[in-house]
Amino acid sequence: MASLELLGFGSTGWGALLILATVMTLAVTATALAIGAVLGAIVAFAKLSGNPLLVTLGNIYTTVFRGVPELLIIYLIYFGGSSAVTSIGKAMGYEGFLGLPSFAAGALAVGIISGSYQAEVFRGAYLAISKGELEAASAIGMHRGLRFRRIIMPQVLRLAIPGLGNVWQLSLKDSALISVTGLAELMRTSQVAAGSTRQYFLFFIAGGCLYLILTSLSDRIFNGAERRANRSMPASAMGQA
């Protein structure tokens, strides 16, 4: 009964705070995925451009941010960024510490990590497009912008859905690391609740269950999006993809 009260929505319960923390986790993950999509698209373009310098820079980005521990990147962005902002503030005559907002720093850090994976997802999706379609578009005089809008982008997005689903799940789990910045997301709130009540097993299990609910719902959403995107494709084309 005491456990139900602690997880409830009464005056002594943590239920409302856990729900708000879950919403915060979704918000920071969605923001990170959007940041990663922009960075990933740019890096994928660079790696597909054929320009040696751009290809090298793209490879460096994906290698570094997929190889360095996620927590280290969060520390660098949050604490290193705060130190840089404070130094700039002192140079402009402001005395005192200027810290980056936890949400912005966390979303940026996870977004940079996400971008390194999304770049490979977009690159792989582009390479999976039938070269015959691209050659046919060029043969009928379709200019580059129209070819990108009508052929490349729709198919890249369709082919990238499964990979983006995996990146979303990865970013959702990485968001737990943002708790080191003090952001009241699900992991941080579970830690605070466990420490305040000394019910560590209860609240960490509750937090784990909420993460599982989020990942299960995410799987359903991405699977539904994949089916919807492929419903107009013939079975043979889907098998080749």
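For the range 118-136, the criterion of being modelled with pLDDT under 80, over 20 Å from Ser175 (Cα atoms) and touching a Lys or Arg at 6+ places or on another chain (Cβ under 8 Å) is met by at least one residue.
From the list Leu177, Leu164, Leu159, Leu210, the lone residue that is closer than 25 Å to Thr29 by Cβ, touching a Ser or Thr at 6+ places or on another chain (Cβ under 7 Å) and in contact (Cβ under 8 Å) with a residue 12 or more places away in the chain is Leu210. Arg123 falls short on exactly one of the conditions (1) crowded, with 21+ Cβ neighbours inside 10 Å; (2) in contact with a Gly (Cβ under 8 Å, 6 or more places away or on another chain), and that condition is (2).
Tally the residues that are of a type in the set (A, V, I, L, M, F, W, C), touching a residue at least 12 places away in the same chain (Cβ under 8 Å) and within 20 Å of Phe65 (Cβ to Cβ), restricting the search to the range 104-143. Count: 11.
Suppose we filter the range 12-26 for residues that are free of Cβ contacts under 8 Å to residues at least 12 places away in the same chain and aliphatic (A, V, I, L, M); how many remain? Working first, answer last.
Just the residues of the range 12-26 that are free of Cβ contacts under 8 Å to residues at least 12 places away in the same chain, to begin with: 12-13, 15-16, 19, 23.
Next, only the ones that are aliphatic (A, V, I, L, M) stay: 16, 19, 23.
Selection size over the range 12-26: 3.
How about the range 1-103: which helices (runs of 4 or more DSSP H) wholly inside it have at least 3 residues that are of a type in the set (Val, Ile, Thr) and either surrounded by 14 or more Cβ atoms within 10 Å (Cβ to Cβ) or on the phi > 0 side of the Ramachandran plot (or both)? Walk me through how you get there before you give the answer.
Working: elements: 2-6, 15-48, 52-67, 70-75, 81-91.
Output list reads 15-48.
For the range 111-127, the condition holds for at least one residue, the condition being that it is more than 25 Å from Ala30 (Cβ to Cβ), over 18 Å from the mean Cα position of the chain (by Cα) and in a helix (DSSP H, G or I).
For the range 11-39, how many residues are hydroxyl-bearing (Ser, Thr, Tyr), under 27 Å from Ala119 (Cβ atoms) and over 8 Å from the mean Cα position of the chain (by Cα)?
Of the residues in the range 11-39, the ones hydroxyl-bearing (Ser, Thr, Tyr) are 11-12, 22, 25, 29, 31.
From the residues that got through so far, the ones that are under 27 Å from Ala119 (Cβ atoms) too are 25, 29, 31.
Keeping just the survivors that are over 8 Å from the mean Cα position of the chain (by Cα) gives 25.
Residues flagged as hydroxyl-bearing (Ser, Thr, Tyr), under 27 Å from Ala119 (Cβ atoms) and over 8 Å from the mean Cα position of the chain (by Cα) within the range 11-39 amount to 1.
The values are calculated or read from the model by the stated rules, or taken from the named source; none is laboratory data. In this text, all values refer to a predicted model and were calculated from it rather than measured experimentally. Heads up, the Cβs are rebuilt from the backbone with ideal geometry, glycines too, and the neighbour counts pull from every protein chain shown.
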